[in-house]
Amino acid sequence: MSSLDDIRKRYLNFERILSQRPIRILFEILVIFAFFSFVLLPPLNLLKNIITDWNSITELIFRDPILKNTVWLSMFRSIALSFRIAFIVMIIDIMLGIPIAHVLARYDFKGKTIIDTIIDLPLAVPTSALGFSVLLFWGSADGLSKFILAEEGIFSQGPMLLLLGHVAFSFSYVVRNLKGVIEEVDVEIENAARTLGAPPISVFRTITAPMAKEGIIAGAILAFTRSLGETGASLLLAGVYETAPIQIVTFMNGYRIPQAAFLSVILIIISITLLGGVRQYARKVGLPQPKIYPEFERKISAKKIAKTRNGIVSFIFLLLVLIPALFVIFYLIDVWSIGPSGTEEDSAFFEVFLDSDNKWESMQVALITSVEVALIVTIINLSLGIPMAYLLVRRPYWGKWKVVLDMAIDIPLVIPSSALGFAVYLLWGNLGLKLISPGIWLIVLAHLTFTYPFSVRPMINYIENFDYSYYEAGRTLGASDLTTFRRVVFPMLKRGILSSAILTFTRSMAETGATLIVMGNARTVPVFIVDLVESESLSSAAFAAVLLIFISFILLLVVRLVDNPTED
Amino acid sequence: MASIELQNVTVKIGNNILLDNVSLKVDDGAYIGLLGPSNGGPSFVLKVIAGLLPIYSGKIFIDEVDVTDSHPEDRNVGFIFEQFNLFPHLTVLDNILYGPRVKGIDLTTKEREAKEVISMVRLENRESALSKELSGGMQQRTGIARAITAGAKILLLDQPYRALDAKIREEMRFEIRELVKELGMTAIHSTHETEEAMLTSDKIAVFNEGKLLQFDNPETVYKIPVNAFVAGFLAESNKFQVKVKDNSFIIENSKFIVDGYEDGEYVVIIRQIDVDLTSEPLNVVNEFECIIDKIRILGEFIRFTVTINNSLTIIVRELLSLERNNVKNLIGKRAYVNFRPDLIKLFLV
């Protein structure tokens with residue numbers, strides 16, 4: 001007993017030593033250094049490469065002796081396509097998202113929890129599975145066409161399908177974000193506006209929207225960047241068209257490194273400028289007070305019209321998001337024992353389990369790779385992310401650095417993941433430091449970059465909401481900084497850490513674009529789905545997609561349970 | 001021109017009853033205080049009148065028009081919130097002009113009116129400030145100006161001064177009451193402080209657990225409370241449960257004489273301030289010898305804890321007079337307490 005006490009004492013003493021300011025700062029410098037080298041260095045290195053090889057690269061792209069500037073023209077076309085789609089997706093997401101988010105945030109009704117969960121469902125579906133599902137629903141004869149008795153898919157692969165796919169996977173993110181933003185506006189302030197004579201629509205336009213301005217703009221940026229950077233679903237939906245992220249993958253597949261580098265840099269620069277610019281604008285510019293049309297707004301606030309309006313929005317949500325996202329499940333049931341051709345040969349069961357090429361086995365290998373990568377990434381990012389978040393919220397002595405870091409954290413969010421993947425390849429792979437060749441470890445490095453904000457951002461939120469007086473109480477009772485963190489802060493943040501972890505894990509599980517660039521011979525499930533669709537094994541693709549949906553859905557349920565432990 | 005009537009209003013959230021069959025009639029131009037513990041009812045009554053809380057059953061009339069089903073924006077009541085709830089993105093002037101703007105009223109004439117209201121609530125020179133640049137008192141004044149400019153004939157003040165410093169609270173109590181009277185508005189003011197209700201109101205309604213217990217002028221409510229809760233809530237009291245027999249009852253071996261009560265079980269409420277503590281016996285009814293156990297100086301009052309017959313503990317409140325020096329020296333000393341029979345309040349269990 002006494003020796004145990006002794007060990008404890010020594011341990012506490014050790015923590016006291018580690019809590020000393022110089023050691024703590026050294027540790028924090030390490031955390032920042034890790035962030036810098038894992039997350040920021042790859043894109044910076046890419047930029048450096050472009051600058052040093054500027055002449056040869058531009059020669060290749062703008063002044064090729066044979067191709068002239070056709071490479072540049074096709075790049076321009078793909079960038080223009082990506083931006084057009086992202087812009088329209090953003091508009092649709094916000095227009096549909098605001099009413100749905102508002103209803104979810106402000107009204108209590110029967111079945112609200114269910115609808116809330118349904119909205120989140122597409123979050124759980126990896127984009128390549130979702131893209132496949134959208135393709136089946138809108139683009140194949142077995143989808144919506146079946147119900148309206150058409151012979152072929154309603155849309156063929158191309159911009160329209162891309163648009164539908166992007167709306168389907170980005171919508172839930174946007175609604176979730178907007179819902180949080182609207183919830184942050186105090187209901188009592190809206191009530192004040194009501195008692196002053198404003199009908200609900202006017203209240204939203206004059207009070208809620210201006211107060212939530214920054215959040216709504218952030219939601220719009222989210223929709224835009226998610227659409228701009230998406231690869232997995234786009235690969236399946238684009239057909240002969242190329243979006244910018246797809247073009248990076250194409251360049252990479254043809255080992256056309258300079259072209260891939262150039263395109264990546266353009267995307268990175270545009271994204272960051274856009275993000276920074278819009279944020280700055282949102283913060284500084286006060287919107288003029290909107291004009292009010294009292295009679296008209298009173299009329300459309302009437303209960304009947306509000307109900308019709310919500311009904312229409314819900315219908316559009318079902319048609320554009322939910323049904324397309326989950327259609328693959330019905331498709332799988334349909335082709336489980338008898339395939340699309342009407343024989344057993346291409347049924348899902350036969351293809352996956354009985355066929356000679358052993359798809360079940362490769363699927364298992366891909367699944368294991370996916371889980372391995374996601375686990376490693378989650379562990380590393382949490383151990384880097386928690387101290388980083390804590391530093392940003394609770395360490396005033398970092399002063400101006402905090403502002404810089406706070407912005408830098410979000411950079412991976414806006415860069416298309418295939419560009420990030422390429423940057424990672426260029427830095428660590430055999431063209432750069434030659435440390436790691438394509439394969440599972442390079443996948444891990446790539447995933448570390450774009451999941452980093454997903455583990456830090458929510459943590460910042462949780463730490464900000466943590467009542468600091470508990471920490472102070474711990475300190476006054478004689479515990480050192482580190483001991484207090486371990487015994488008081490950490491246990492109270494457990495839920496936040498878990499939901500951060502699951503968010504990071506699902507992001508990693510779902511990623512396609514970056515993985516395609518750095519995977520070498522390794523395969524993750526989302527990539528595997530793309531492969532299967534491209535080789536026309538639709539039934540097995542459906543099987544893999546449903547498997548992935550199922551796993552992610554379970555994780556999503558866990559997050560919800562963790563987030564609302566008392567909700568009944 | 002603005003009367004309010006609640007008829008048998010019940011409010012439920014799930015199985016939780018917030019208001020239980022409340023009927024209340026407020027005359028035009030009256031200033032009414034709603035008194036009760038937090039969540040006991042007062043705030044819910046205000047929310048129900050404003051239409052911010054849906055009712056389960058009952059009816060509400062404003063100026064004899066049934067508004068039970070109308071929206072908050074159509075009721076024309078001014079709601080004053082505990083947390084002020086100014087629109088943080090608008091200036092003081094824009095906050096004040098919000099009502100006319102959303103109602104589509106011509107702003108040029110309203111702007112002059114708004115200026116008048118602003119000078120009434122003493123906010124000149126702060127017109128272009130944002131709410132975060134104002135003190136709590138200024139924010140609440142803006143809230144009141146905002147309600148007046150929106151054309152409210154009724155002011156619903158929901159614990160309006162709770163978030164303010166004691167000193168500003170004191171000021172506002174008088175200032176706003178006078179303003180309301182000057183403008184001829186009807187006001188309903190919820191609070192859980194007896195003093196505030198007494199000071200500001202023409203009539204007081206006391207609530208507990210969603211029920212309206214008593215509705216009368218402040219003096220009557222204080223002097224003739226209808227039940228033990230009202231008696232105890234209005235002032236700090238000693239409370240016992242006793243059996244009355246032949247106009248007397250016994251607590252812990254001490255016999256008290258009362259007058260005019262039938263035999264039965266009663267709750268006794270004796271307000272601390274109603275007990276008389278003397279150093280020499282006065283030889284009156286209900287006088288007991290006692291020992292002073294504890295003394296707490298509360299400011300204008302001193303609170304004595306005394307024991308009668310070594311077993312009955314009574315708390316007594318006396319004004320802190322200048323003659324008594326070193327009150328604390330009295331601890332452990334012998335003294336006398338007496339209870340005037342008409343100040344002993346008995347309520348049938």
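May I ask you to verify whether residue A:209 is assigned to a helix (DSSP H, G or I), within 14 Å of chain B (Cβ to nearest Cβ) and within 26 Å of the chain's Cα centre (by Cα)? So residue A:209 fits the description; yes. If you check residue A:223 against the conditions, is it in a helix (DSSP H, G or I), within 14 Å of chain B (Cβ to nearest Cβ) and small (Gly, Ala, Ser)? Judged against the criteria, residue A:223 is not a match.
For the stretch B:271-296, name all the residues that are among the aliphatic types (A, V, I, L, M) and either touching a helix residue (DSSP H, G or I) at 6+ places or on another chain (Cβ under 7 Å) or surrounded by 13 or more Cβ atoms within 10 Å (Cβ to Cβ) (or both).
Result: B:273, B:275, B:277, B:284, B:285, B:291, B:292, B:295.
If the condition is being within 7 Å of chain A (Cβ to nearest Cβ) and aliphatic (A, V, I, L, M), then the stretch B:91-107 contributes only B:102. Filtered by the rule that a residue be part of a loop (DSSP other than H, G, I, E, B) and among the polar types (S, T, N, Q), the stretch B:166-201 gives a lone residue, B:201.
Pull up the stretch B:22-53, narrow it to residues that are in a helix (DSSP H, G or I) and in contact with a Phe, Trp or Tyr (Cβ under 6 Å, 6 or more places away or on another chain), then point me to the one that is nearest to the other protein chains (Cβ to nearest Cβ). Out of the qualifying residues, it is B:50.
Say we look at the stretch B:306-318 and pick out the residues that are in a strand (DSSP E or B) and without any contact (Cβ under 8 Å) to a residue 40 or more places away in the chain; which of these is surrounded by the most Cβ atoms within 10 Å (Cβ to Cβ)? Write out each step before concluding.
The initial filter retains those residues of the stretch B:306-318 that are in a strand (DSSP E or B), namely B:306-308, B:312-318.
From what is left, the residues that are without any contact (Cβ under 8 Å) to a residue 40 or more places away in the chain are B:306-307, B:313.
Values: B:306: 23, B:307: 16, B:313: 13.
If we take residues in the stretch B:306-318 being in a strand (DSSP E or B) and without any contact (Cβ under 8 Å) to a residue 40 or more places away in the chain, then B:306 is surrounded by the most Cβ atoms within 10 Å (Cβ to Cβ).
In the stretch B:144-161, of all residues being part of a helix (DSSP H, G or I) and at the interface with another protein chain (Cβ under 8 Å from one of its Cβ atoms), the one that is surrounded by the fewest Cβ atoms within 10 Å (Cβ to Cβ) corresponds to B:147. Here residue A:231 qualifies as touching a residue at least 60 places away in the same chain (Cβ under 8 Å) and of a type in the set (S, T, N, Q). Pairs linking a residue in the stretch A:182-198 that is within 7 Å of chain B (Cβ to nearest Cβ) and over 13 Å from residue B:78 (Cα atoms) to a residue that is of a type in the set (Phe, Trp, Tyr) and not in a helix (DSSP H, G or I), with Cβ atoms under 7 Å and 6 or more positions apart or on different chains, are A:188/B:81; A:189/B:87.
Look at residue A:64 and say whether it is charged (D, E, K, R), over 21 Å from residue A:418 (Cα atoms), out of contact with any His (no Cβ under 8 Å at 6 or more places or on another chain) and surrounded by 11 or more Cβ atoms within 10 Å (Cβ to Cβ). So residue A:64 fits the description; yes. Summed over the stretch A:351-379, the residues that are of a type outside the set (Ser, Thr, Tyr), under 27 Å from the mean Cα position of the chain (by Cα) and surrounded by 17 or more Cβ atoms within 10 Å (Cβ to Cβ) give a count of 7. The helices (runs of 4 or more DSSP H) falling completely within the stretch A:400-483 that include 1 or more residues that are charged (D, E, K, R) map to A:440-465, A:468-476.
Scanning the stretch A:467-501 for residues that are among the aliphatic types (A, V, I, L, M) and exposed (fewer than 13 other Cβ atoms within 10 Å of the Cβ) returns a single hit, A:477. For the stretch B:129-187, the set of residues classified as farther than 23 Å from residue B:63 by Cβ and polar (S, T, N, Q) consists of B:131, B:135, B:139, B:140, B:142, B:159, listed by residue number. Whenever a residue of the stretch B:245-257 is under 18 Å from residue B:345 (Cβ atoms), its partners that are of a type in the set (Phe, Trp, Tyr) and not in a strand (DSSP E or B), lying with C-beta atoms within less than 7 angstrom and at least six residues away or across chains, give the pairs B:247/B:261.
Would you be able to say whether some residue in the stretch A:139-147 is more than 15 Å from the chain's Cα centre (by Cα) and over 21 Å from residue A:238 (Cβ atoms)?
There is at least one residue in the stretch A:139-147 that is more than 15 Å from the chain's Cα centre (by Cα) and over 21 Å from residue A:238 (Cβ atoms).
Residues are listed down the side, and each one gets a yes or a no for (1) touching a Phe, Trp or Tyr at 6+ places or on another chain (Cβ under 8 Å); (2) not in a strand (DSSP E or B):
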{"residue": "B:284", "(1), (2)": "no, yes"}
{"residue": "B:304", "(1), (2)": "no, no"}
{"residue": "B:329", "(1), (2)": "no, yes"}
{"residue": "B:337", "(1), (2)": "yes, no"}
{"residue": "B:347", "(1), (2)": "yes, no"}
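With respect to the conditions (1) modelled with pLDDT under 95; (2) closer than 15 Å to residue B:64 by Cβ, residue B:15 lacks only one, and its number is (2).
Restricting to the stretch B:56-90, name every residue that is away from chain A (no Cβ under 12 Å) and in a strand (DSSP E or B). Outline the logic, then answer.
Filtering the stretch B:56-90 down to residues away from chain A (no Cβ under 12 Å) leaves B:56-68.
Listed by number, the residues that qualify are B:57, B:58, B:59, B:60, B:61, B:62, B:65, B:66.
Among the residues of the stretch B:83-104, are any under 30 Å from residue B:133 (Cα atoms) and of a type in the set (Asp, Glu)? Scanning the stretch B:83-104, I find at least one residue that is under 30 Å from residue B:133 (Cα atoms) and of a type in the set (Asp, Glu), so the answer is yes. For the stretch B:185-207, a residue qualifies if it is among the acidic types (Asp, Glu) and surrounded by fewer than 21 Cβ atoms within 10 Å (Cβ to Cβ), and the qualifying residues are B:193, B:195, B:202.
Sort through B:53, B:123 and tell me the only one that's within 23 Å of residue A:190 (Cα to Cα), in contact with a helix residue (DSSP H, G or I) (Cβ under 7 Å, 6 or more places away or on another chain) and surrounded by 14 or more Cβ atoms within 10 Å (Cβ to Cβ).
On the way: B:123 fails: within 23 Å of residue A:190 (Cα to Cα).
It is B:53.
The values are calculated or read from the model by the stated rules, or taken from the named source; none is laboratory data. Everything quoted here is computed from the prediction, not taken from an experiment. Cβ sites come from the backbone with ideal geometry, for glycine too, and all protein chains shown count toward neighbours.
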